[in-house]
Every structure is written in structure tokens, then in C-alpha cells.
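I have placed the structure first, in the form of C-alpha cells, so that the comments after it can refer back to it.
The values are calculated or read from the model by the stated rules, or taken from the named source; none is laboratory data. Because the structure is predicted, anything quoted here is derived from the model rather than measured. So basically every Cβ, Gly included, is an ideal-geometry build from the backbone, and we count neighbours across all protein chains shown. The area values use the complete protein model at the heavy-atom level, side chains included, leaving out ligands, DNA and RNA. Shrake-Rupley method; radii C 1.70, N 1.55, O 1.52, S 1.80 Å.
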Amino acid sequence: MAHLRAHLLPKDVDPGLRATAAFDVAGDGTFSNATHGVVVELDRGTGGIEILRYVCVEDCGVAIHPQVVEGQCRGGIAQGIAGALFEQVVYDDSGQPLCPSFMEYKVPTAAEIPDIAIYHLETPCAFTESGAKGAGEGGTIGAPAAVLNAVNDALRGTGVELDDTPITRESVYRALEGLA
């Protein structure tokens, strides 16, 4: 009525709509959570980064199909590692992409993704019938930060702290050589 037939509103009522709503789930909600730990080794000569150990503890509530959850965790972590170390779209000064194919745009293969140790907690969700929570996003979200933190830990003695991904060989090399 306020939109199409505002002339029918009482004279002291301005046409318009307003709605306010709020919802907050008590407790932990339905989202999953995870903790990631990464150990890296930096190559002083090349600036290369090797992930020596990767551990993730995931809590997606009740794991309805543990093998699927395991696959979602590994896939998410691989995607997160890719974002932290490899994937970058670069453009030249005129705006042309410098990585128009997968020859230039580094997508990691199984050779670049380390063995990943995954452990599970099961804290049942009080708001779903099965007690399950989400499962796939934990790796994607936690992995880039965990890798960047591990690299910064390895660079601790240099006085350099990186804050950008992907972490390039050049930035690591410059930090290790005191050129940053």
C-alpha cells in the first residue's frame, strides 16, 4: 500500500517501509572450526618455501560421512596453500593479464601439496538434527594464514614480516638477504 497506493494512507502517515530483525544463536552455532599448524623451511639461495609439516584439527560436529569430511578438509587446505604460495593474477601497465593460461598461472599439483595430518573433534551442533556442522571451508580459511605465519616465524631473525599473499620467492629471498 505504501508503494502503489500511498494516497490511501492516513494524512499523518508517510509512505515508507521499515523492517528490523535480529537473530543470534546461543552457543557455537552451526559453523565448523579448525586449528592449523605449519612448519616450513626457507631456501636462502632461492627464496623457496617448503612445507615440512602440516597439521589440522577440524571440528565439524558429527561427521556424517568421515571420508567425505576428510576429502573436504584436504581439498580446502590444498586450495588455501595454493592461495598462500602460488595463485596470483598479474597485469601489465595497460591492464593486460600476464597469466592468460595455466602455463603462467601456477596451480599446484599433488607434487606441491604436502602430506597433511588431519585430526577430528566432534562437538555435536545443538541446532541441527544430526549434530553436523559445515565441513569444507575450514581448510580454505585457515591455511593461508597458517602458511604465512609459518613463513614469518622462519623469518623472525630478519626483522621482516610479510603480510601479503601469495608469498613470493622474491620477497622471501630479499628478507633472508637483508634486502627487504
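Tabulated data for the structure shown
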| quantity | calculated |
| --- | --- |
| Test: residue in the stretch 112-127 that is open to solvent by 80 Å² or more (accessible area, probe 1.4 Å), out of contact with any Leu (no Cβ under 6 Å at 6 or more places or on another chain), part of a loop (DSSP other than H, G, I, E, B) and hydroxyl-bearing (Ser, Thr, Tyr) | no |
| Cβ-Cβ under 9 Å pairs, at least 6 apart or on other chains, the stretch 53-77 side closer than 15 Å to Gly139 by Cβ, far side hydroxyl-bearing (Ser, Thr, Tyr) and surrounded by 22 or more Cβ atoms within 10 Å (Cβ to Cβ) | Glu58/Ser32; Asp59/Ser32; Cys60/Ser32; Ile77/Tyr54 |
| Qualifying residue in the stretch 64-82 (condition: of a type outside the set (A, V, I, L, M) and closer than 24 Å to Val172 by Cβ) | yes |
| Failed condition for Gly139, given (1) modelled with pLDDT under 90; (2) over 20 Å from the mean Cα position of the chain (by Cα); (3) part of a helix (DSSP H, G or I) | (2) |
| Residue that is farthest from Asn152 (Cα to Cα), among those in the stretch 78-104 that are touching a strand residue (DSSP E or B) at 6+ places or on another chain (Cβ under 9 Å), aliphatic (A, V, I, L, M) and free of Cβ contacts under 8 Å to residues at least 60 places away in the same chain | Leu98 |
| Among the candidates Val107, Val147, residue that is among the β-branched types (Val, Ile, Thr), more than 21 Å from Cys60 (Cβ to Cβ), open to solvent by less than 90 Å² (accessible area, probe 1.4 Å) and in contact with a strand residue (DSSP E or B) (Cβ under 6 Å, 6 or more places away or on another chain) | Val147 |
| Residues that are among the hydroxyl-bearing types (Ser, Thr, Tyr) and either open to solvent by less than 20 Å² (accessible area, probe 1.4 Å) or without any contact (Cβ under 8 Å) to a residue 40 or more places away in the chain (or both), drawn from the stretch 150-180 | Thr158 |
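Okay, residues lined up against (1) modelled with pLDDT of 85 or more; (2) more than 27 Å from Thr168 (Cβ to Cβ):
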residue: Leu4; (1), (2): no, yes
residue: Lys11; (1), (2): yes, yes
residue: Phe23; (1), (2): no, yes
residue: Gly27; (1), (2): no, yes
residue: Thr30; (1), (2): no, yes
residue: Val39; (1), (2): yes, no
residue: Ile49; (1), (2): yes, no
residue: Leu52; (1), (2): yes, no
residue: Cys56; (1), (2): yes, no
